[in-house]
Amino acid sequence: PVGHSALDVGPAVSAGAGPMPAVALSPHLQSTQLRVQGICCSAEVKMVKNLLEPLPGVASVGVNQVSRTAIVSHVPSLTAPATLVDILNGARLGAALMQSNDTTA
């Protein structure tokens, strides 16, 4: 095809005998980078992790205190990037979406 959508991952390649399963074996993870202006010390780093790690589909949360950023690996159909921002802003942390990428493509 001429154009590829974000959901088009190309043909399946199998190293073994038989066809690839129709359903993915692992969740569809996405990496979302957030600017979190309210991070000034280790207490806010812990707060960001405590707020985001329990959310459905969140696999990991990395927080950089110096750059005031958080990188969240998550399943977007379970917790959307906008939800991550909303949760942090509910705690008055001044969060904004910087970048969101599909990590399984």
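To keep it simple, each residue is scored yes or no on (1) modelled with pLDDT of 95 or more; (2) in contact with a Lys or Arg (Cβ under 6 Å, 6 or more places away or on another chain); (3) hydrophobic (A, V, I, L, M, F, W, C).
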{"site": "Met20", "(1), (2), (3)": "no, no, yes"}
{"site": "Glu44", "(1), (2), (3)": "yes, no, no"}
{"site": "Lys49", "(1), (2), (3)": "yes, no, no"}
{"site": "Val58", "(1), (2), (3)": "yes, no, yes"}
{"site": "Gln65", "(1), (2), (3)": "yes, no, no"}
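Checking each residue in the stretch 24-69 for being touching a residue at least 12 places away in the same chain (Cβ under 8 Å), open to solvent by 60 Å² or more (accessible area, probe 1.4 Å) and closer than 15 Å to Gly90 by Cβ picks out Gln37, Met47. When only residues in the stretch 70-87 that are in contact with a strand residue (DSSP E or B) (Cβ under 7 Å, 6 or more places away or on another chain) and among the hydroxyl-bearing types (Ser, Thr, Tyr) count, which is least open to solvent (accessible area, probe 1.4 Å)? Among them, the one singled out is Thr79.
Within the stretch 88-105, the set of residues being under 19 Å from Cys40 (Cβ atoms) and open to solvent by 30 Å² or more (accessible area, probe 1.4 Å) comprises Asn89, Gly90, Ala91, Arg92, Gly94, Ala96, Met98.
The values are calculated or read from the model by the stated rules, or taken from the named source; none is laboratory data. From a predicted model like this one, the values you see are computed outputs, not experimental measurements. Positions of Cβ are generated from backbone atoms using ideal geometry, with glycine treated the same way; all protein chains shown enter the neighbour counts. What goes into the accessible areas is simple: the full protein's heavy atoms, side chains included, and nothing from ligands, DNA or RNA. Shrake-Rupley method; radii C 1.70, N 1.55, O 1.52, S 1.80 Å.
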